[in-house]
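Notes to accompany the following structure.
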Amino acid sequence: MMFLERIEVTWIGDCLADAKKIRLKARLPRDISEVFLYLNAVLDNGLYNHHGRTFTFNKEFRRINLYPEELTLTKALNTTDAFQVLDETKALINETYENKDRIAPNYKKRVKPNALQIYELLPKTNCRQCEEPTCLAFAAKLLQGQQNIENCGPLKEPANSGLWEALEELVEVLG
Ligand code: SF4
C-alpha cells in the first residue's frame with residue numbers, strides 16, 4: 001500500500017500576490033510529518049520547521065507547504081499545472097518514504113525571523129487597515145501568530161507583490 005494514496009483538493013482560488021496565478025488547499029488522508037526530515041535531506045530548497053511541523057519547498061516559482069494532514073500550493077499557473085504539481089508532490093513523498101531507511105534525516109531548520117526583519121518587508125504606512133496601531137505592532141503580532149499577512153491591505157497591491165512574496169517566505173518559517 002502506498003504511504004500517501006491521494007491528495008484531495010478542498011479549495012482553489014486566485015493568488016493574492018498575483019491574480020493571474022492560482023493557489024489551493026488540499027487534505028491529506030494521513031499524517032505525513034514523519035517524512036519531513038527526509039524531504040529536508042533530499043531537497044536542497046526545503047524549509048523545515050520542527051515546532052510548526054511544516055515543510056515548505058519550491059518547484060520553480062511555485063511554492064508547496066506541507067502540514068501533517070494538509071497541503072497548500074501557491075503560484076500555480078492554472079488548474080492543470082496545479083494538479084500536475086500535486087501528482088509530482090505525491091510521487092516525491094511516496095518515493096522519499098520508501099527510501100527513508102537509506103536517507104540520513106536532515107534536522108537543519110531555518111532560524112526564526114525577528115519583528116524588525118518582518119517590519120522591513122511591510123509597506124510602513126501605519127495605515128491601520130490591519131487594525132493595529134502601527135506596522136511594527138503588526139510585525140510583532142505576526143511573529144506571535146496573532147496576525148495574518150492577508151490582513152495587510154496595502155501588501156496586496158500589485159506594486160507590493162515583491163514585498164508580499166518575501167514576507168510570505170519569511171513567515172513560513174514561523175509555521
Ligand atoms: S495594514 Fe499593513 S501597512 Fe497598514 S498598518 Fe497594517 S501592516 Fe502597516
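Points to keep in mind about this one:
- Test: residue in segment 31-41 that is touching a residue at least 40 places away in the same chain (Cβ under 8 Å) and either under 25 Å from K156 (Cα atoms) or in a loop (DSSP other than H, G, I, E, B) (or both): yes
- Any pair with Cβ under 9 angstrom, 6 or more apart, that starts in segment 150-166 at a residue that is in contact (Cβ under 8 Å) with a residue 24 or more places away in the chain and ends at one that is buried (at least 17 other Cβ atoms within 10 Å of the Cβ) and among the hydroxyl-bearing types (S, T, Y): none
- In this structure, K20 qualifies as free of Cβ contacts under 8 Å to residues at least 40 places away in the same chain, outside the structural domain of K156 (by TED's automatic domain parsing) and either farther than 24 Å from N151 by Cα or surrounded by fewer than 19 Cβ atoms within 10 Å (Cβ to Cβ) (or both).
- Residue check, I103 within 24 Å of R23 (Cβ to Cβ) and either of a type in the set (V, I, T) or in contact (Cβ under 8 Å) with a residue 12 or more places away in the chain (or both): no
- Qualifying position, being within 16 Å of the ligand (Cβ to nearest atom) and modelled with pLDDT under 95, among L37, L116, L43, L47: L116
- Residues that are in a helix (DSSP H, G or I) and not polar (S, T, N, Q) were ranked within segment 142-153; the one that is farthest from E172 (Cα to Cα) is E150.
The values are calculated or read from the model by the stated rules, or taken from the named source; none is laboratory data. The shown structure was predicted, so the numbers you read here are calculated from the model rather than taken from an experiment. With ideal geometry, Cβ positions are generated from the backbone for all residues, glycine too; neighbour counts draw on all protein chains shown.
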